[in-house]
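Q: The structure is given below, and queries will be raised subsequently.
The values are calculated or read from the model by the stated rules, or taken from the named source; none is laboratory data. All figures in this text were calculated on a predicted structure; none of them were measured in a lab. Neighbour counts are summed over all protein chains in view; Cβ atoms, including those assigned to glycine, are modelled from backbone coordinates with ideal geometry. In case anyone asks, the SASA skips ligands and DNA or RNA and just uses the protein heavy atoms, side chains included. Shrake-Rupley method; radii C 1.70, N 1.55, O 1.52, S 1.80 Å.
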Amino acid sequence: MINIAMPKGRLGDQVYKLFSSIGYRCSSMSSDSRKLVFEDPSCGVRYFLIKPFDVGIYVERGVADVGVIGKDVLMETKPKVYELLDLGFGCCELTVSALNDYQDDFESVLRVATKYPNITRQYYQDQNREIEIIRLNGSIELAPILGLSDVIVDIVETGSTLRENHLKICEHIATSSARLIANMKSFQFNQSEIHNMTESIIEMMQQ
Ligand code: PRP
């Protein structure tokens with residue numbers, strides 16, 4: 001049985017489509033269920049539905065053998081896992097954004113709202129800029145609108161959330177996409193299955 005940590009939400013459907021296309025089908029899997037564990041013994045697979053920021057923890061601790069995680073979350077949470085493959089979907093940009101009419105005075109302490117405190121701290125440290133991090137869990141775009149922060153550090157995919165809330169991209173920090181990761185011990189002891197999985201995904205991506 002191989003245990004796969006699947007991110008709930010925007011990446012989830014694409015991840016399941018990919019894994020089922022290479023043989024890891026799970027007939028009981030249904031997106032409108034509240035269940036968090038799905039397994040199909042005939043295909044030798046068990047899926048866990050996990051909040052994207054927690055995928056790394058489950059894989060690092062070996063509860064899941066492999067998982068899919070955005071590069072943005074991987075950079076932020078830095079789990080001790082092997083990063084095996086760029087899956088080429090879930091592409092987005094990690095950016096600094098602000099209200100359309102925002103102008104930085106480069107003197108005051110910058111108030112930055114984000115769910116990426118580690119990346120944010122490092123980014124501004126490299127620029128020698130003093131900041132105050134306001135740690136939020138979602139709907140980050142609300143912070144500058146309500147005056148809670150000057151800017152936000154967040155992902156932009158289609159750009160609709162920024163546009164519809166009158167925000168603009170100010171700086172680019174990094175590019176992200178979905179990555180296949182593996183637990184270090186599972187990779188060692190289950191090398192052939194994880195290797196075959198990776199090869200099948202690469203073949204699938206080339207079609
Ligand atoms: C993410 C991100 C932005 C939005 C960007 O939020 O934090 O808010 O998607 O996507 P777009 O450029 O396609 O509009 P998510 O939908 O994951 O929900 P959250 O706000 O609860 O974190």
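Q: Can you tell me which condition residue 68 does not meet? The list is (1) open to solvent by less than 40 Å² (accessible area, probe 1.4 Å); (2) assigned to a helix (DSSP H, G or I), and all the others hold.
A: Failed condition: (2).
Q: Collect the residues in the range 47-83 that are in contact with a Phe, Trp or Tyr (Cβ under 7 Å, 6 or more places away or on another chain) and of a type outside the set (Asp, Glu), keeping them in residue-number order.
A: Scanning the range 47-83 gives 47, 48, 50, 58, 64, 67, 73, 77, 82.
Q: Okay, next question. Given (1) near the ligand (Cβ under 10 Å from one of its atoms); (2) part of a helix (DSSP H, G or I); (3) touching an Asp or Glu at 6+ places or on another chain (Cβ under 8 Å), where does residue 186 come up short, assuming only one miss?
A: (1)
Q: OK, next. Please verify whether residue 107 is more than 22 Å from residue 77 (Cα to Cα), at pLDDT below 95, more than 15 Å from the ligand (Cβ to nearest atom) and open to solvent by 70 Å² or more (accessible area, probe 1.4 Å), treating the condition exactly as stated.
A: Here the answer is yes, as residue 107 does meet what is asked.
Q: Among the listed residues 147, 90, identify the single one that is in a loop (DSSP other than H, G, I, E, B), crowded, with 20+ Cβ neighbours inside 10 Å and either within 14 Å of the ligand (Cβ to nearest atom) or not β-branched (Val, Ile, Thr) (or both).
A: 90
Q: Checking residue 165 against (1) under 23 Å from residue 75 (Cβ atoms); (2) of a type outside the set (Asp, Glu); (3) open to solvent by less than 90 Å² (accessible area, probe 1.4 Å), which test does it fail?
A: Only one criterion in (1) under 23 Å from residue 75 (Cβ atoms); (2) of a type outside the set (Asp, Glu); (3) open to solvent by less than 90 Å² (accessible area, probe 1.4 Å) is unmet by residue 165, namely (1).
Q: Residue check: is residue 40 more than 26 Å from residue 114 (Cα to Cα) and exposed (fewer than 13 other Cβ atoms within 10 Å of the Cβ)?
A: Taking the combined requirement at face value, the residue does not satisfy it.
Q: Quick check: is even one residue across the range 196-203 within 16 Å of the ligand (Cβ to nearest atom) and either open to solvent by 80 Å² or more (accessible area, probe 1.4 Å) or part of a helix (DSSP H, G or I) (or both)?
A: Checked the range 196-203: no residue is within 16 Å of the ligand (Cβ to nearest atom) and either open to solvent by 80 Å² or more (accessible area, probe 1.4 Å) or part of a helix (DSSP H, G or I) (or both).
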